[in-house]
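Chemist: Let me begin by handing over the structure; questions about it come next.
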Amino acid sequence: MNFKPQDLANAGIGSISLLANATFDGVERLAALNLSAGRAFIEASVANFNTLLGATDVQSFIELQQKLAAPTLEKGMEYSRNVIAITSETKDKIAKELETQVTAANANVSGMVEKALASAPAGSEVAVAAVKSAIKTANEAYEGLNKAAKQAVEVAEANVAAATKATMKAAEVAVPKASAKKAA
């Protein structure tokens, strides 16, 4: 195995380019989502304001407000879901590239260490075993951290999904209750 510093530099540049592109793609998608959401919010606000101006009394004004609240809440929740999807996809792209790079780096380092250790002088078995043990421990630590990070992301995504569901359920319950109170 021939190791050339230029190969390492090229791999690093390629990785940085891929990571930068993934990040910029995510930022670009978030910016487009924000512009679209901002435009939709302004248009809906103007339409809702005009609708509310058509109210003839306080009771009809309150009914119109409640009628307009549910779609606004739904749009907000949809926006949140889109933000989560974009950030999750970007995170997955970056994590996949980092995992690929770490795996390749581990293979390169292991190969170089094996080659160096193979030519170690006689009587250095203890040192060879210590180096192999250190590499194994480092790899296990990385895998443990990677697993913990993935679990943390899964928990966070599950919490956001649960909060979204609970909010939508609460909104659906609140609107009919308010309408029932007015009817009574």
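The values are calculated or read from the model by the stated rules, or taken from the named source; none is laboratory data. Everything numeric in this text was worked out from a predicted model, so none of it was measured. Counting neighbours? That spans all protein chains shown, and the Cβs are built from the backbone with ideal geometry, glycine included. Accessible surface areas use protein heavy atoms only, side chains included; no ligands, DNA or RNA. Shrake-Rupley method; radii C 1.70, N 1.55, O 1.52, S 1.80 Å.
Chemist: Can you tell me which residues in the range 81-97 are surrounded by 14 or more Cβ atoms within 10 Å (Cβ to Cβ) and of a type outside the set (Val, Ile, Thr)?
Modeler: 82, 88, 89, 91, 93, 95, 97
Chemist: Give 67, 132 a once-over and let me know the one that is touching a Leu at 6+ places or on another chain (Cβ under 8 Å) and either farther than 28 Å from residue 27 by Cα or loosely packed, with under 12 Cβ neighbours inside 10 Å (or both).
Modeler: Of 67, 132, the one residue that is touching a Leu at 6+ places or on another chain (Cβ under 8 Å) and either farther than 28 Å from residue 27 by Cα or loosely packed, with under 12 Cβ neighbours inside 10 Å (or both) is 132.
Chemist: Go through the range 41-64 residue by residue and tally those that are open to solvent by 50 Å² or more (accessible area, probe 1.4 Å), of a type in the set (S, T, N, Q) and closer than 23 Å to residue 79 by Cβ.
Modeler: Result for the range 41-64: 2.
Chemist: Mind checking whether some residue in the range 101-115 is within 30 Å of residue 159 (Cα to Cα), part of a helix (DSSP H, G or I) and touching a helix residue (DSSP H, G or I) at 6+ places or on another chain (Cβ under 8 Å)?
Modeler: yes
Chemist: Right, another one. Do any residues in the range 46-60 that are part of a helix (DSSP H, G or I) have Cβ atoms under 8 Å from those of residues that are open to solvent by less than 60 Å² (accessible area, probe 1.4 Å), where the two are at least six apart or on different chains, and which pairs are they?
Modeler: That search, which allows pairs on different chains as well, returns 48/68; 51/64; 51/68; 52/64; 52/68; 59/182.
Chemist: Kindly list, by first and then second residue, each pair from a residue in the range 136-149 that is within 18 Å of residue 109 (Cβ to Cβ) to a residue that is small (Gly, Ala, Ser), limited to pairs with Cβ atoms under 6 Å and residues at least 6 apart or on different chains.
Modeler: Nothing qualifies.
For every residue, the table says whether it meets (1) free of Cβ contacts under 8 Å to residues at least 60 places away in the same chain; (2) open to solvent by less than 80 Å² (accessible area, probe 1.4 Å); (3) acidic (Asp, Glu).
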site: 99; (1), (2), (3): yes, yes, yes
site: 103; (1), (2), (3): yes, no, no
site: 111; (1), (2), (3): no, yes, no
site: 120; (1), (2), (3): yes, yes, no
site: 124; (1), (2), (3): yes, yes, no
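Chemist: How many of the residues in the range 74-113 are of a type in the set (Phe, Trp, Tyr) and farther than 30 Å from residue 169 by Cβ?
Modeler: Residues in the range 74-113 being of a type in the set (Phe, Trp, Tyr) and farther than 30 Å from residue 169 by Cβ: 0 in total.
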